[in-house]
Amino acid sequence: MNRSSVIRRALLAAAAVALATGCTAQAAGSGGTAAPSSSPTSASSSPAPEPSDSASSAEPTETPSTDDEPSSSPTADAPAGKVLMKDGDENTQVRELQARLRQVGYFDRAPTGFYGTITGKAVSAFQKKRELPQTGSVDETTWQRLVAMTHEPTADELKPSTTNKLDTPDARCMTGRVLCISKESRTLAWMIDGKVVSSMDVRFGSENTPTREGIFNVDRKVRNDWSKLYHTPMPYSMYFSRGQAVHYSADFAARGYNGASHGCVNVRDRGKLSALFDQVRVGDKVVVHW
């Protein structure tokens, strides 16, 4: 009995040592000596390697992100507020923006109230001079800087008679109610009995689609027209020579004289043309001249 007990105790002790050695190898599974004896499942699910791997990979990841923060924070803070005005907007605040930009020499034409490419370039130039992000859109910081260095636009600054200087009216425009349109000065003057009531910039057709010259009459008016031929809107159309009309052009407002019409007389100041549209009657004279 004593001999059996001794043998049993010796076997139990040996088994305990073997079990302890197996656990140690599993826990240190990355050591590789016990890996062959471990099943793939137990090796992949071993919790020991995971903290070790995540700790070693986290350090280089955190370091660059910390280093990036100072260099990226000025860019994040630079816009300093939401965008107030941007390309495609058309309202009274845009007109004020253009008038203020004109005061400091960044906008060389009469305000139209339409935010197009010309206005965007003017804003970008203003931002560049003040070392602001050159977005071409007006954020709160850009607007505050511009307002601080300009005065509130007067009525004449917001709606000057025209950007282009009017030339001497054609003799045929001196009597009656006349849309007097000059290709030389690129202006339209609304005249009644020889007096200029209002005026605005205009754009004409290209060499391939010229605007006809001569004396005509307004034969019809369409407030919200659409060109079926060129698939483009033609607000405030006043037709005077077959398909040619005086009408508002968003393209003219956006690109200025970089483009041309297909023969119509384009107007870029929507507000002025809207008022003119309400005043002109069917039958009024139209004179297109050099």
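Laboratory data are not the source of any read-out in this text; all were calculated from the coordinates shown. Not measured: the values here are computed from a predicted model. Here the Cβ is made from the backbone with ideal geometry for all residues, glycine too, and neighbour counts use every protein chain on show.
3J(HN,Hα) along the range 138-146: 9, 9, 4, 5, 4, 5, 4, 5, 5 Hz, from the Karplus curve 6.51 cos²θ - 1.76 cosθ + 1.60 with θ = phi - 60°, whole Hz, x for Gly and Pro. Amide H to amide H, with H built 1.01 Å from N, Ser198 comes under 5 Å of Trp190, counting only residues 5 or more places away or on other chains. The trypsin sites (Lys or Arg not before Pro) of the range 203-290 meeting both criteria, a DSSP state outside H, G, I, E and B (loop) and at most 11 other C-beta atoms within 10 angstrom of the site's C-beta, are Lys228, Arg242, Arg281. Counting lysine pairs in the range 159-245 whose alpha carbons fall under 20 angstrom apart, excluding pairs fewer than 8 residues apart on the same chain, gives 4.
Computed extension length for Glu152-Asp219: 20.0 nm, one decimal, from 0.36 nm per residue of separation with the Cα-Cα distance subtracted.
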